[in-house]
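This report refers to the structure that appears directly beneath it.
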Amino acid sequence: MDTSLHIYNTLKRRKEVFEPINPPFVGIYVCGPTVYSDVHLGNSRTFISFDIIYRYLLELGYKVRYVRNITDAGHLEGDRDEGDDKFAKKAKLEQLEPMEIVQKYTLGFHDVMNIFNTLSPSIEPTATGHISEQIEMIQEIISKGYAYENNGTVYFDVEKYSKDYQYGQLTNRKLEDLLEGTRELSGQDEKKGRLDFALWITAKPETLMKWPSPWGWGFPGWHIECSAMGKKYLGETFDIHGGGMDLQATHHTNEIAQSQACSNTAPVKYWMHTNMLTVNGVRMSKSAGNGFLPHELFTGNHPLLERGYSPMVVKFFMAQSHYRSTLDFSNEALQASEKGFQKLMKAGETLNKLNADSESTVNIEELKNNCYKAMNDDFNTPILIAHLFDAVRIINSAKDGKEKLTEQDLKGLKDVYKTFVFDVIGLKEDQAQGSKETELTGDLIDFILNLRLDAKKNKDFATSDKIRDELTNKGITIKDTKDGFEWEI
């Protein structure tokens, strides 16, 4: 299996090179949220990253089947299938049915994705909606000799599987090394091997979410749902599977084992993982007290935030870092991204007001090709954004009369903006920019600057300078032009 993370260097000649496994569509499966709590920022980054990948493949003309699951089964979530049933715990705490918890947080997840302007996946299957497929897959794994049942719980036999396949191949770890890092089995353990994991877990009397199976009433293990749903909707082998890097060592490693044991083939051609988030250089986590939810980032209602930042600024900030790179949050970085985002949007507005020249001093086709090259190199959004700021420079230089753009150049620049700013990255005009309050503020600033123009015409330079200085102190940059003035916050 090719587990290289630089997966799309082969796309440098665009779609002529990349051949999907299952024509006519490219198959993408992304591990979606476990809906017993609000979606956190790390989840958001993963789904925003894959939204950009989805959008770009659509831009290249592929038909894409994008599957993003919803984990709504009340299974245990951990390496050893131990601990509390998180759905049941949350349901008891809030005095709700488990599926009320599922509905509440699924809707919350969709709201956050809408706020970030992501596209809906082609299919969004749920674990509870595919219990029969999971049972069927477990039966097939048992029949192949890679799983066993003990007191109603079915375990995957990792050491037996490892005699035929390479377990741990995704992280390049050997079985011996994995065994060394795992605790010895106790005398009461039902498992045969230390690395064995549950495919199906027998239900206790107090278990709220449970289903009938050939092994008794129970519920699926942590990993089987993705193998079953990936196979159902994308086939035994498909193109791209991804999620956060925290899923790589256990969840995705066990997914590979389950799927390969069942179908005797590698399930995925390309594995893609988004990297972790940090805050001022420290890994983001609830235990560290430095984690914040998207709505806290938008409102600024968090002790680590100086103020709130709009969803599009946050999305732009995320796109400035490659999906495989660590992303560090700080007020300084977010404020710098805010200025960059505003500059990008302002240049787009300016572009629509430019008049064409009869000759050209720029090469817009080269700019457009550079944007494609950046995305073709493993979806390199930071490099793409650097090229988009080349477009910003050209637009502002043309406004100042330093560059000349023909009608074809203007059309090409507008196409670059539409394709890469809006269609691929998925940015849109900030809601705050179009609000009535902002329009009123803009009209007021225009009115004040027109008073300044009148003062200058009357040679009342003291009043003119005072207006300029006061507006500058309020964070408004003023530029005098031959036609009057320009300003920006």
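Restricting attention to the range 189-206, does a residue exist that is at pLDDT 90 or above, within 22 Å of Pro125 (Cα to Cα), part of a loop (DSSP other than H, G, I, E, B) and within 33 Å of the chain's Cα centre (by Cα)?
No - not one qualifying residue is present in the range 189-206.
Out of the helices (runs of 4 or more DSSP H) lying entirely within the range 210-315, which hold 1 or more residues that are polar (S, T, N, Q), assigned by TED's automatic domain parsing to the domain that holds Gln169 and in contact with a Leu (Cβ under 6 Å, 6 or more places away or on another chain)?
By residue number, 253-263.
Looking at (1) over 20 Å from Met229 (Cα atoms); (2) outside any helix (DSSP H, G or I), can you tell me which one Pro121 breaks?
Every condition holds for Pro121 apart from (1).
Could you list, in sequence order, all residues of the range 448-475 that are not polar (S, T, N, Q) and not in a helix (DSSP H, G or I)?
Of everything in the range 448-475, those that are not polar (S, T, N, Q) and not in a helix (DSSP H, G or I) turn out to be Lys459, Asp460, Lys474, Gly475.
I'd like the residue in the range 254-303 that is β-branched (Val, Ile, Thr) and crowded, with 16+ Cβ neighbours inside 10 Å and, out of all such residues, is farthest from the chain's Cα centre (by Cα).
Ranking the qualifying residues of the range 254-303, first place goes to Ile256.
Just to be sure, is Gly61 at pLDDT 85 or above, assigned to a loop (DSSP other than H, G, I, E, B) and exposed (fewer than 15 other Cβ atoms within 10 Å of the Cβ)?
yes
The values are calculated or read from the model by the stated rules, or taken from the named source; none is laboratory data. Predicted model, so just to flag it, every value in this text is computed and none were measured. All Cβ positions, even for glycine, are placed from backbone atoms using ideal geometry, and neighbour counts span all protein chains on display.
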